[in-house]
Structure formats: structure tokens, C-alpha cells
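The values are calculated or read from the model by the stated rules, or taken from the named source; none is laboratory data. All of these numbers come straight from a predicted model, not from anything done at the bench. Virtual Cβ from ideal backbone geometry, glycine too; neighbours counted across all protein chains shown. Remember, those area values only see protein heavy atoms, side chains included, never the ligands or the DNA or RNA. Shrake-Rupley method; radii C 1.70, N 1.55, O 1.52, S 1.80 Å.
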Amino acid sequence: MKKLFNWLGNIAGIILAFASYQILEYFYFFPHQLEKLLHINYVMLIILTAIATILVLVSILYLYQRQLKIENNWGFNQSPYWDGHRLLIMLFGLILIVVCSYTLQILLGVTAQNTSTNQAMLDKISLQAGGLFIPMVCIIAPICEETIFRGLFFNTFFMKESKVSKWVGIICSGFVFGYMHDPSITKFIIIYWVLGCILAWVYTSTKDLRYSMLTHIFYNSLPYLLVILDKVIQNKWR
């Protein structure tokens with residue numbers, strides 16, 4: 001009975017964590033609407049956004065750590081936290097995620113005019129969100145999503161470590177991640193599903209959320225880093 005209550009508590013934790021993440025996204029994606037709704041200026045909004053970010057991140061990471069204290073058959077999040085082998089896994093995961101993403105985009109015919117609903121929505125939001133968009137997409141979102149879709153997910157549905165649970169968990173975690181990014185289940189869900197599977201593989205192989213978080217952060221930041229690099233190169237050759 002105790003295990004059942006713990007499991008139900010874990011599911012409630014996932015729901016609460018995801019809801020908190022969705023609310024936090026609103027602060028970053030629709031700042032001007034919030035200014036009008038709350039009748040505050042932009043500086044006050046930034047302060048509220050910072051407080052909300054700290055509260056959400058601390059809460060979901062605390063929830064993850066609490067679950068591990070109750071049951072941690074996998075040995076997740078054990079020190080030492082950093083070593084060369086796991087950094088290589090992270091690097092390989094990053095390379096794999098980039099190669100698979102661009103290969104699938106070519107195979108599925110993804111273009112600026114033919115893209116997923118999620119990406120089209122993000123492109124639209126980026127035009128109105130201003131400077132808050134990039135921090136959310138590149139840092140906050142990867143931390144929240146890895147904690148929810150990898151950390152809390154495995155703590156709840158795949159608590160016992162085995163080869164079967166690892167690979168079934170990777171596939172299921174990847175699908176949930178894909179579905180949340182493409183709930184209409186179009187052909188584009190394949191891209192998000194594969195990306196989610198690779199991130200889950202990095203997590204279960206390193207047994208540390210830090211590595212899947214960094215992989216996710218680097219991947220999401222790549223387009224912006226390439227833009228910066230392009231500008232640097234252009235300025236150098238002028």
C-alpha cells in the first residue's frame with residue numbers, strides 16, 4: 001500500500017511539475033500580456049519572472065531529489081558527478097541528436113514554410129517575447145523538460161533498473177516528449193520522439209540529469225550560436 005501511495009504521489013508530482021513549467025513559460029513567452037494583466041511595468045515583470053523561475057526550478061528539482069531518496073534502484077545522481085566517460089557520452093549524444101535532427105528534417109521535407117505546429121508557434125512567439133525568449137528556450141526549458149520527461153518519468157514508471165526497462169523507458173520517454181511537442185501526432189512527432197529517445201539514452205547511460213540537461217541546452221542553443229558565429233566571421237572579413 002505504501003508503494004502504491006508513493007507511485008500515485010510521483011504521478012501527482014509529474015502533473016504539478018508540468019503545470020508549473022507551463023505557467024512559467026507564460027512569463028517568458030507573453031511578457032507584454034502579463035504587464036497589462038497585472039498592471040505592472042517591465043522592470044517589475046522581470047523581477048516577478050526571476051522569482052517564479054527560482055521557485056519552479058527549486059520545486060521540481062527538490063521533487064526529483066526527494067523521489068530518489070525514497071527509491072533509487074538505478075543509482076541516479078551519485079557522486080562523483082563529473083568524469084570523462086560521461087562527458088564523452090554527452091558529447092556523442094549531442095552529435096547524434098544534431099545528425100538525427102537534420103537528417104529527419106530533410107527526409108520529412110521540413111522547411112520554413114513546412115514545419116511542425118510547435119516550431120511555427122515558437123517562431124511566432126519569438127517575435128513578441130523579446131529578450132526573454134532565448135533564456136527560456138536555451139536554458140530554462142531544457143532544465144525543466146529533462147527533470148520532468150527524464151528524471152520524474154523514470155522515477156515513476158521505470159523504477160527498477162534492467163536492460164528491458166532501460167530501452168522500453170527510453171522509447172516511452174521519447175514518445176511522451178514527442179507527444180508534448182506535437183500533440184496532433186503529425187509526421188513531425190518522429191523528430192521529437194527521436195530527440196527525446198537520445199536524451200533519455202544520455203540520462204540512463206550517465207545516470208545523471210546534468211548530462212542530458214547540458215545536451216539539451218547545447219542543442220537548443222545551437223541555432224543562436226551559429227548566428228553569432230556567422231556575424232563574427234562576417235565582421236572579421238569586412
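Over 24 Å from Asp83 (Cα atoms) and touching a residue at least 12 places away in the same chain (Cβ under 8 Å): is that true of Pro142 in this structure?
no
Can you pull out the residues in segment 153-179 that are of a type in the set (A, V, I, L, M), touching a helix residue (DSSP H, G or I) at 6+ places or on another chain (Cβ under 8 Å) and either over 18 Å from Ser212 (Cα atoms) or surrounded by 16 or more Cβ atoms within 10 Å (Cβ to Cβ) (or both)?
Listed by number, the residues that qualify are Ile170, Val176.
So, in segment 200-213, how many residues would count as being among the hydrophobic types (A, V, I, L, M, F, W, C) and open to solvent by 50 Å² or more (accessible area, probe 1.4 Å)?
Count: 1.
What is the one condition in (1) aliphatic (A, V, I, L, M); (2) in contact with a Phe, Trp or Tyr (Cβ under 7 Å, 6 or more places away or on another chain); (3) over 22 Å from Ile134 (Cβ atoms) that Val56 does not satisfy?
(3)
What tally of residues in segment 18-51 results from selecting those that are open to solvent by less than 50 Å² (accessible area, probe 1.4 Å), among the β-branched types (Val, Ile, Thr) and part of a helix (DSSP H, G or I)?
Residues flagged as open to solvent by less than 50 Å² (accessible area, probe 1.4 Å), among the β-branched types (Val, Ile, Thr) and part of a helix (DSSP H, G or I) within segment 18-51 amount to 1.
Would you confirm whether or not segment 106-121 contains a residue that is open to solvent by less than 80 Å² (accessible area, probe 1.4 Å) and in contact with a Leu (Cβ under 7 Å, 6 or more places away or on another chain)?
No, there is no match, as no residue in segment 106-121 is open to solvent by less than 80 Å² (accessible area, probe 1.4 Å) and in contact with a Leu (Cβ under 7 Å, 6 or more places away or on another chain).
Does Arg150 satisfy the condition of being surrounded by fewer than 18 Cβ atoms within 10 Å (Cβ to Cβ), in contact (Cβ under 8 Å) with a residue 24 or more places away in the chain, among the basic types (Lys, Arg) and on the phi < 0 side of the Ramachandran plot?
Spelling it out, it is not the case that Arg150 is surrounded by fewer than 18 Cβ atoms within 10 Å (Cβ to Cβ), in contact (Cβ under 8 Å) with a residue 24 or more places away in the chain, among the basic types (Lys, Arg) and on the phi < 0 side of the Ramachandran plot.
Being not small (Gly, Ala, Ser) and not in a helix (DSSP H, G or I): is that true of Phe76 here?
Yes; evaluated as a whole, the condition is true for this residue.
Restricting attention to segment 73-105, which residues are open to solvent by less than 90 Å² (accessible area, probe 1.4 Å) and either of a type in the set (Val, Ile, Thr) or in contact with a Pro (Cβ under 7 Å, 6 or more places away or on another chain) (or both)?
Once the filter is applied, which keeps residues that are open to solvent by less than 90 Å² (accessible area, probe 1.4 Å) and either of a type in the set (Val, Ile, Thr) or in contact with a Pro (Cβ under 7 Å, 6 or more places away or on another chain) (or both), segment 73-105 yields Ile89, Ile97, Val98, Val99, Thr103.
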